[in-house]
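Worksheet: the structure to be examined is printed underneath.
The values are calculated or read from the model by the stated rules, or taken from the named source; none is laboratory data. Just so it is clear, the structure is predicted and the values come from calculations on it, not from any experiment. Neighbour counts run over all protein chains shown; Cβ positions are idealised from the backbone, glycine included. All accessible areas refer to the heavy atoms of the entire protein, side chains included, with ligands and DNA or RNA removed. Shrake-Rupley method; radii C 1.70, N 1.55, O 1.52, S 1.80 Å.
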Amino acid sequence: MKLSVVILNYNVRYFLELCLKSVEAAISNIDAEIIVIDNNSKDSSREMVKQYFPDVIYMQNTENVGFSKANNQAVKVAQGEYVCILNPDTVVSEDTFEKLIEFADTKTNLGIVGCKLIDGIGNFLPESKRNIPIVKAALKKMLGKSNDYYAVQVSKNEIAKVDILVGAFMLLKRSVYNDIEGFDEDYFMYGEDIDISYKAVKKGYVNYYYGDTTVIHYKGESTLKDSSYARRFYGAMQIFYSKHFKKNVFFDTMVWFGVKVAFLLRKPPVKYDKTVGQYVLVSEKLNQELLQNLKKKVELFTDVESIQDNSEIIFDANYLTCKEIIAYLQTLNTNKTLSFKILPKNSRFIIGSDDSINRGEVILF
């Protein structure tokens, strides 16, 4: 088997359904399997997977064991030559895995491969490619100066060596995953992607950023950016430095102090209110059930030309491919008055997220 796609789910049933539909389309020409491991979700995720995706391997934890441990559990049963660690709040292009595997097969000493990630309104996510977070760079990033932290020397559409990748999408050989002993389970959530990337580099593997394929990552779904998130994130940074950069008592004290100061000085998230003037359905025909539920005027477009400001655009995945939807998001991103949702193929809901701070919106019909 060539590929195992591992998806850790926690209470994001509708985002998971959208993700799985995109993954199924993307592995249609690959000898592959999908493994969903659930950290004791309280929603209907399990029933949804069993009903709509009977071929998916489903694993259920009886408690939330965290990101690292759950992914390690799933990889133990994986059969693929390659493993892709994938967030449930993502949408992959139909050719994402084919492109990355073709690229990976040409490399020797390959570590981890990441790709270009955008959020739900088309913004590029800079954590797609990062440098090794030496103390100076990380502390500057925590204080709002991030050029040394992110790999700005590599353009977002480039293919290049990059040391640190993001856990929302990581592709690597299963043999490499096992050689670097997977995710460090001292991390419950956050920081484990930095750690595994750095472990690969320290072992002599070469990590790559592949900017020629794009994946949507609806950030903020499994966890919100609140004070608990901030404490856990900065706590993870302390774990990372104690493991990889421990030098002396003075050094450790400075790292601890810097993390605490950055936590106290962090900027609070800003939530933006939106005004929807009209809904635009990009499809070949109107969906009458959706029309009745929205109770607002819905314009039908077969493309995205001449769309008015303050429109919410609904991309019909029965009509468009995921790759086309992702391309539209990036094209329309310059108009900040627009918002976006996706109608998944053969589904009765629309879904999207307008920022990376707050939870997305699901409208059932």
Loop-resident sites, region 47-80, for chymotrypsin sites (Phe, Trp or Tyr not before Pro), counting at most 10 other Cβ within 10 Å (DSSP): none
Cβ-placed point charges (K, R +1; D, E -1), dipole of region 315-365 about Cα centre in debye, nearest 20: 100
Across Lys156/Lys274; Lys116/Lys323; Lys42/Lys219, pairs whose alpha-carbon gap is larger than 18 Å: Lys156/Lys274; Lys42/Lys219
Dimensionless Rg/Rh of region 156-220 - Kirkwood Rh, Rg from C-alpha atoms: 0.96
Glu324 - accessible surface, heavy atoms, 1.4 Å probe, Å² rounded to 10: 80
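Taking a ≥ b ≥ c as the square roots of the Cα gyration tensor eigenvalues, with a/c under 1.5 meaning rounded and otherwise prolate when a/b beats b/c, else oblate, which class fits region 1-43?
Working: a/c = 4.78, a/b = 1.82, b/c = 2.63.
Oblate, because a/c is 1.5 or more while a/b does not exceed b/c.
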Volume per residue that the Cα convex hull of region 68-112 spans, once the total is divided by residue count, Å³: 99
Area of Lys336 that stays accessible when all protein chains are in place (1.4 Å probe, Å², to 10): 140
Charge sum, other residues only, whose C-beta stays under 11 Å from Tyr58's C-beta, Lys/Arg counted +1 and Asp/Glu -1: -1
Estimated translational D of region 1-139 in µm²/s (Stokes, Kirkwood radius over Cα pairs; 25 °C; 0.890 mPa s): 152
Whole-Å distance, taken between Cα centres, linking region 290-365 and region 60-91: 29
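Determine the gain in length on full extension of the stretch Lys297-Asn346; use 0.36 nm per residue of separation and subtract their C-alpha separation, reporting nm with one decimal.
Fully extending the segment from Lys297 to Asn346 adds 15.4 nm.
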Computed lengthening from Val206 to Tyr52, 0.36 nm per intervening residue step minus Cα-Cα distance: 51.6 nm
